[in-house]
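The values are calculated or read from the model by the stated rules, or taken from the named source; none is laboratory data. Computed from a predicted structure; not experimentally measured. Don't worry about glycine lacking a Cβ; one is built from the backbone with ideal geometry, like all the others, and counts go over all protein chains shown.
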């Protein structure tokens, strides 16, 4: 019997339940660790414990659905310190558990950062994969000039907000009240999302079956290049050409039936296929 | 002559020290001041930055063969982390990774999974290289921490990330402070009442200094005495293997010498070490080695972030 570990919060993340159900359906022995505010853990030189469970025994599959830190903060300095402690802890926690992990956390991308998308694109260009154009916008005039060249821009801010601009004529400074500088991407074209887990992938909101196949191939190639086993690739389809906008190293918490169906199917196929 | 780029702040001791030493040895390094970049730069094209502009200075990055960087977002060095400084910090970090991937020598590359950012993970990695580590627990469980303190004669606690903290003796186990652990995990270690040893490794060369102190954390004491000490061969070999695996060229490793067994016990490895004070006491041997590495022509092994 295969042993699986799911670390995540059932209350806020419906995907945890989907994973547990799918794993039990293929007779996996599942241990769920809730990483909500009551989560208590220890990592020592040799052992790792959480919620009273001894986790050293190797799991065949480990699903990391740790999406938020249980941080109780008083001010910005406190937030910075506590966040760094949790990030450090989670990386070490998963390293000590071992097993095949979806996904193993890295300090650099644990909760994402404004420029992670740029790091992803930079790395993918090194592998020769097509990526969306990126730059930094420094002012409203800069935004307008860039928009006239790119036609459609997404800007991302320090707090994670994303704004899309697509009409240079109608643009005015009062409608773009964000702080400069801001990261911007050329998002001309149709957004294609590909959800993937290992070799299993499915496109969501894609234009045609032909581009589906191409999108899936590009998404899997991008994920493998980055060493990400499970997540969502955001691609752009513009005049028949595909490029990578971003690869998220996790599947966002969702109640969408098609996402849950994909996860169930991927897990079942993966276990049956000998994962 | 090989050209060197230094990135940092003049308020930062090691940056200033390295620049001075480069000038003294007849080099003409370019300096990219983080303050100026954070305040004035326009670094627009990401991932293919060939030019770094900071308002008055334009740098063609292709002309540099090596970079010494102290890129950081410490509020004490760069002021409050405004959106502007965070954006520029990230661009420079990615630009350095890009240069590293194109074969430039970056001391050290700012890898996103910097080993020092998770101390417990770093310790387990160091143990895999044959280095002795202290008995440790990283936890947010007050009871587990108390149990660890009960079973060890004396313990210390410190930050488990690269955020700086003052290493202190753990308070008595009935202290209310243990309940605060649920907010932020903390690293506890058995206290080794031995000689502090700081080892700086620059490429293939290691320099060790013993620090005698009455303080738990010698960095915050002004009554320390220092002396050079010979580093055992197995320790320097293990450290160099670790550096090679991690793609590091300069580290500052902290050890304690167990007074009973004579073992060197490693506490942590700093991947952006503040080395200037140790260098002055070592008659500038560390900076000489660093500058030799920055200005040598040898090629580097590649290491990618994934």
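Being surrounded by fewer than 20 Cβ atoms within 10 Å (Cβ to Cβ), assigned to a helix (DSSP H, G or I) and without any contact (Cβ under 8 Å) to a residue 60 or more places away in the chain is the requirement here; does residue B:121 meet it?
So residue B:121 fails the test.
Checking residue A:118 against (1) modelled with pLDDT of 85 or more; (2) in contact with a strand residue (DSSP E or B) (Cβ under 6 Å, 6 or more places away or on another chain), which test does it fail?
In the conditions (1) modelled with pLDDT of 85 or more; (2) in contact with a strand residue (DSSP E or B) (Cβ under 6 Å, 6 or more places away or on another chain), residue A:118 misses (1) alone.
So which residues in region A:246-261 are in a strand (DSSP E or B) and in contact with a helix residue (DSSP H, G or I) (Cβ under 7 Å, 6 or more places away or on another chain)?
Passing the criteria: A:246, A:247.
If we scan region A:161-183, do we find a residue that is out of contact with any helix residue (DSSP H, G or I) (no Cβ under 7 Å at 6 or more places or on another chain), modelled with pLDDT of 80 or more and either assigned to a helix (DSSP H, G or I) or buried (at least 17 other Cβ atoms within 10 Å of the Cβ) (or both)?
Taking every residue of region A:161-183 in turn, at least one turns out to be out of contact with any helix residue (DSSP H, G or I) (no Cβ under 7 Å at 6 or more places or on another chain), modelled with pLDDT of 80 or more and either assigned to a helix (DSSP H, G or I) or buried (at least 17 other Cβ atoms within 10 Å of the Cβ) (or both).
Suppose we filter region B:11-45 for residues that are within 22 Å of residue B:293 (Cα to Cα) and loosely packed, with under 15 Cβ neighbours inside 10 Å; how many remain?
So the answer is 6.
Among the strands (runs of 3 or more DSSP E) lying completely within region B:189-306, list those that include at least 3 residues that are crowded, with 16+ Cβ neighbours inside 10 Å.
On the way: elements: B:195-202, B:205-212, B:225-228, B:250-257, B:264-270.
Fully inside region B:189-306 and qualifying: B:195-202, B:205-212, B:250-257, B:264-270.
Among the candidates A:219, A:223, A:215, single out the residue that is over 29 Å from residue A:68 (Cα atoms), surrounded by 21 or more Cβ atoms within 10 Å (Cβ to Cβ) and modelled with pLDDT of 90 or more. Spell out how you get there, then give the answer.
Working: A:219 fails: over 29 Å from residue A:68 (Cα atoms); A:223 fails: over 29 Å from residue A:68 (Cα atoms).
Unique residue meeting the criteria: A:215.
Got at least one residue in region B:112-130 being more than 23 Å from residue A:90 (Cβ to Cβ) and either facing another protein chain (nearest Cβ under 9 Å) or modelled with pLDDT of 90 or more (or both)?
So far as region B:112-130 goes, yes, one or more of its residues are more than 23 Å from residue A:90 (Cβ to Cβ) and either facing another protein chain (nearest Cβ under 9 Å) or modelled with pLDDT of 90 or more (or both).
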